[in-house]
Amino acid sequence: MTTILPTPPGLDIQGVIYSYRIRKETGDWVTVYVQNELSGGGGYIFRERDEWKPGSLDNTGINRVVPVIPGIPRDAWGRGSVDVQGPGSVEGASVRYQYRVDPCFDPQSSPSCPGYKAPMPNIYEPQYAAYDPLEHSRIAQFESRYSDDEGESEEDREAREEEENRDSRERLEKALAAADTTALFAQALALSAALSSVGPRVDSYYAVSIAGGVYPESVALVDTQLPDSKSGLRNNLAQQLLHEEMISMQYD
């Protein structure tokens, strides 16, 4: 039947139409079976019997339509045959099958089918590894440095803290000096812009009186024990490492 019936999914047999002519002697009894085996063995899925009793004429034709139980799948129909029992034979035998195809056998074949589910789009999920600046190798060295502080002596600790405080004061002095320079430069630019707005002058020089004397330092730093915050140092180092890596990427 695999070479007779089409192969779309959802196909089942609705009926069998057969015809033939009997060849026998008038006084003979002949039985004809039109049949299909059950696929895989175990009997017949369809079997129709015709009894040609004594008195029936030779070369008599028959044409029949036999409905079958609907819903039997195509794969259940095995090999078909016309079997003759008795002293006779058949001529011009023809067996045809009525079938239907359920278009909604697979609910996903059409949105109009019961049970259809709209397919979900395949959303691409990018694969990336998040960068954690705290996982940098320099951070590990930083942690190792401070973890070793627990075993240092009191004198070493005081010396280290004094060095750190001195470094902090130097950094603060440099920052304040840079701020003063920036303020003076901004004042000079403002004065130059004001003079330019007055109009062109033949003499671009101008006189000013500057009081002499000593200009004492206006910033006074009081020595104190202000150790750096470990969490602050950790965060600043992570940001500095990330900044350096971003700068180096411009030259790779």
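The values are calculated or read from the model by the stated rules, or taken from the named source; none is laboratory data. No experiment lies behind these values; they were computed from the predicted model shown. Virtual Cβ from ideal backbone geometry, glycine too; neighbours counted across all protein chains shown.
Numbers for the structure displayed
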quantity: Count of region 1-45 residues which are within 30 Å of S110 (Cα to Cα) and among the small types (G, A, S); calculated: 2
quantity: Region 89-112 residues that are under 30 Å from T26 (Cα atoms), paired with ones that are part of a strand (DSSP E or B) and of a type in the set (S, T, N, Q) (beta carbon under 6 Å, 6 or more apart); calculated: S94/S19
quantity: Breaking point among (1) surrounded by 13 or more Cβ atoms within 10 Å (Cβ to Cβ); (2) without any contact (Cβ under 8 Å) to a residue 12 or more places away in the chain, for R74; calculated: (2)
quantity: Members of region 56-71 found to be part of a strand (DSSP E or B) and surrounded by 12 or more Cβ atoms within 10 Å (Cβ to Cβ), listed by number; calculated: T60, I62, R64, V66
quantity: Test result for Y205, surrounded by 12 or more Cβ atoms within 10 Å (Cβ to Cβ), part of a loop (DSSP other than H, G, I, E, B) and either within 39 Å of the chain's Cα centre (by Cα) or modelled with pLDDT under 65 (or both); calculated: no
quantity: Residue that is nearest to the chain's Cα centre (by Cα), among those in region 233-252 that are surrounded by 10 or more Cβ atoms within 10 Å (Cβ to Cβ) and of a type in the set (S, T, N, Q); calculated: Q239
quantity: Breaking point among (1) among the β-branched types (V, I, T); (2) in contact (Cβ under 8 Å) with a residue 40 or more places away in the chain; (3) under 29 Å from C113 (Cβ atoms), for V32; calculated: (3)
quantity: Condition broken by A118, with the remaining ones in (1) farther than 21 Å from D12 by Cβ; (2) part of a strand (DSSP E or B); (3) among the small types (G, A, S) satisfied; calculated: (2)
quantity: Single residue of R79, R100, R23 found to be under 30 Å from P119 (Cβ atoms), basic (K, R) and touching a strand residue (DSSP E or B) at 6+ places or on another chain (Cβ under 8 Å); calculated: R100
quantity: Residue count for region 68-85, restricted to those that are farther than 17 Å from V34 by Cβ and out of contact with any Ser or Thr (no Cβ under 9 Å at 6 or more places or on another chain); calculated: 3
quantity: Evaluation of P103 against (1) assigned to a strand (DSSP E or B); (2) touching a Cys at 6+ places or on another chain (Cβ under 9 Å); (3) not aliphatic (A, V, I, L, M) (one fails), failing number; calculated: (1)
quantity: Hits in region 216-235 (condition: over 23 Å from A159 (Cα atoms) and either modelled with pLDDT of 70 or more or outside any loop (DSSP other than H, G, I, E, B) (or both)); calculated: P216, E217, S218, V219, N235
quantity: All positions within region 1-36 that are closer than 13 Å to V101 by Cα, outside any strand (DSSP E or B) and not polar (S, T, N, Q); calculated: L5, P6, P8, P9, G10
quantity: Test: residue in region 142-153 that is of a type in the set (S, T, Y), modelled with pLDDT of 75 or more, surrounded by 10 or more Cβ atoms within 10 Å (Cβ to Cβ) and under 29 Å from N235 (Cα atoms); calculated: no
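The rows are residues; the columns are (1) within 48 Å of the chain's Cα centre (by Cα); (2) at pLDDT below 95.
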residue: I4; (1), (2): yes, yes
residue: Q14; (1), (2): yes, yes
residue: Y20; (1), (2): no, no
residue: G42; (1), (2): no, yes
residue: G71; (1), (2): yes, yes
residue: R74; (1), (2): yes, yes
residue: V95; (1), (2): no, yes
residue: S109; (1), (2): yes, yes
residue: G115; (1), (2): yes, yes
